[in-house]
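Colleague: Here it is: the structure, laid out below.
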Amino acid sequence: MLFSSMIFIICFLPFVLFIYYVPLRKRRAPQNYFLLAASLLFYAWGEPWFVLIMIVSILGSWVFGIQVYERKEAGKDARPMIALMLVFNLSILFSFKYLDFALTNVNRFFGTDFPLPHLPLPIGISFFTFHAISYVLDIYRGRGDLQRNLLNVGLYISFFPQLVAGPIIRYETISHQIMNRKENLDDFSQGVCRFIVGLAKKVLISNNLAIVANQSFALASTGDCSVAFAWLGAIAYTFQIYYDFSGYSDMAIGLGKMFGFHFPENFNFPYVSKSLSEFWRRWHISLGRWFRDYVYFPLGGSRVDTKRRLIFNLFVVWGLTGFWHGANWTFICWGLLYFVFLTIEKLTGFEKNERIPNVLKHIYTMLFVILGWVLFRSNTITDAGNYLAVMFGTAGQSLIDANFTVYLKENALFFLCGTIFSMPVAGKFSEWIDKRFASVNPAIVTLYTCILIGILLVSFSYLIKGSYNPFIYFNF
């Protein structure tokens, strides 16, 4: 079930909110159990048997959490149990997401003929696996309360707003909120507004620019794409993936607020960055913090004795970051390219170099980001190379064609909105609105409400007519 689907918006969400706030109001344990049941139903909607995999992960995490806590309390070494927990969770992830990829490459490089199981990929398995690992590790580090109640562990791992596409919520962030959150009208209204904004970003901007990106990549594969249209398609995908993922994150954060949960921000206008390091502090923030806290810092982070060790730590983190996104060499190479450039930036002090104008830093950053998204979007390394060849005019294609003119004219408004709302002007406008709300200015409240209702109705019109509605991060 998608957040950006009519069945979720018209049926599922109103039903869950009604039960949560009317018959179960101020009854925390029943509310939590109901949210768990609703989350399992949400996940099981498309492929019911996938929910069994998540239930196994929940049961395992609950058992490992108790074992780790009791070993620590008894003064015993809990690290062997941590190792078993990692093997347990990562084995599930590997079996469903990476096994075919591993066997394919073993067969290719060693001439073997192992059969491929072709297991279907459970939606959001990378996200709920990281939640499960975070629960046990935070218990071990003393950064979250042990949940002896299995159902509360299940709620943390499976809570539907952040279940299939994040943000990746570390257990220490939400531990206290499971039993002690405070619902209020301000949070609820802010949550509704945030959900509507996220829905618009997904349905109006991302989905429409996805059509441009898909057409350019399809034509490039057949040699019928001009240089200009290749660049237009790459820029369209740059906006598509941002508004796709940040829009879904906005909806998740908004839904959390409706139920009294406060999730961390996942994006902070990454396309204004003046270095790749800054870009990754602003893009998919929850993933970056997860790898920082659970991989980079335990390896020693940047406080190591030698540059060689620092480079190794960065290599591990960015190799895993690429691999986390998918079982494909394109993702691995994409992660390793960021490793190379981020390492260079860190060793040369690029960010602090004031002799380089900020505008040049920004151009360099966005050029690499756009080219990186081409690799990320492509099915194979060869496809990525062919597309890049078209972009730089080395494949013999024309400079401009009718497709470029037509698609640019038809989607100019979406490109314009994509540009404007990827900059902090949107954030400053939101802060301005919040200040006016704080003063309860009736005119501002009325205007803002009308704008949101208008945006919601336009989004509904696109959904009702069955417009193209993919979601990129379901694959991860």
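The values are calculated or read from the model by the stated rules, or taken from the named source; none is laboratory data. Keep in mind it's a predicted model, so treat the numbers as computed, not measured. Cβ coordinates were reconstructed from backbone atoms using ideal geometry, including for glycine residues, and neighbour counts include every protein chain displayed.
Colleague: Can you name every residue in the range 51-88 that is of a type in the set (A, V, I, L, M), within 28 Å of the chain's Cα centre (by Cα) and over 14 Å from residue 147 (Cβ atoms)?
Modeller: 51, 52, 53, 54, 55, 56, 82, 83, 84, 85, 86, 87
Colleague: Tell me the helices (runs of 4 or more DSSP H) entirely within the range 224-318 that contain at least 3 residues that are surrounded by 22 or more Cβ atoms within 10 Å (Cβ to Cβ) and modelled with pLDDT of 95 or more.
Modeller: Answer list for the range 224-318: 227-258.
Colleague: Here are some residues: 332, 363. Which one is surrounded by fewer than 18 Cβ atoms within 10 Å (Cβ to Cβ) and not assigned by TED's automatic domain parsing to the domain that holds residue 164?
Modeller: Answer to the check: 363.
Colleague: Going residue by residue through the range 39-52, is there one that turns out to be among the charged types (D, E, K, R), more than 21 Å from residue 255 (Cβ to Cβ) and surrounded by fewer than 18 Cβ atoms within 10 Å (Cβ to Cβ)?
Modeller: yes
Colleague: Cβ-Cβ below 8 Å, separation at least six or inter-chain, first residue in the range 109-129 and touching a residue at least 24 places away in the same chain (Cβ under 8 Å), second among the small types (Gly, Ala, Ser) and assigned to a loop (DSSP other than H, G, I, E, B): which pairs?
Modeller: Going by the 8 Å Cβ cut-off, the qualifying pairs are 123/46; 124/165; 127/165; 127/166.
Colleague: I'd like the full set of residues that are assigned to a loop (DSSP other than H, G, I, E, B) and not β-branched (Val, Ile, Thr), limited to the range 103-118.
Modeller: Matches in the range 103-118: 111, 113, 114, 115, 116, 117, 118.
Colleague: Would you check which residues across the range 413-438 are modelled with pLDDT of 90 or more and closer than 19 Å to residue 193 by Cβ and list them?
Modeller: Residues satisfying the conditions are 417, 420, 421.
Colleague: Return the pair list, or none, for Cβ contacts closer than 9 Å from residues in the range 153-171 that are at negative phi and not assigned by TED's automatic domain parsing to the domain that holds residue 191 to residues that are of a type in the set (D, E, K, R) and part of a loop (DSSP other than H, G, I, E, B), at least 6 apart or on different chains.
Modeller: Hits for this filter: 167/265; 170/143; 171/143.
Colleague: Okay, next question. Mind listing just one residue for me: the one in the range 123-155 that is of a type outside the set (A, V, I, L, M, F, W, C) and within 22 Å of the chain's Cα centre (by Cα) and, of those, farthest from residue 67 (Cα to Cα)?
Modeller: Among those that are of a type outside the set (A, V, I, L, M, F, W, C) and within 22 Å of the chain's Cα centre (by Cα), it is 124.
Colleague: Next question. Just to verify a result, which residue in the range 201-231, among those that are polar (S, T, N, Q) and more than 28 Å from the chain's Cα centre (by Cα), is nearest to residue 421 (Cα to Cα)?
Modeller: Out of the qualifying residues, it is 226.
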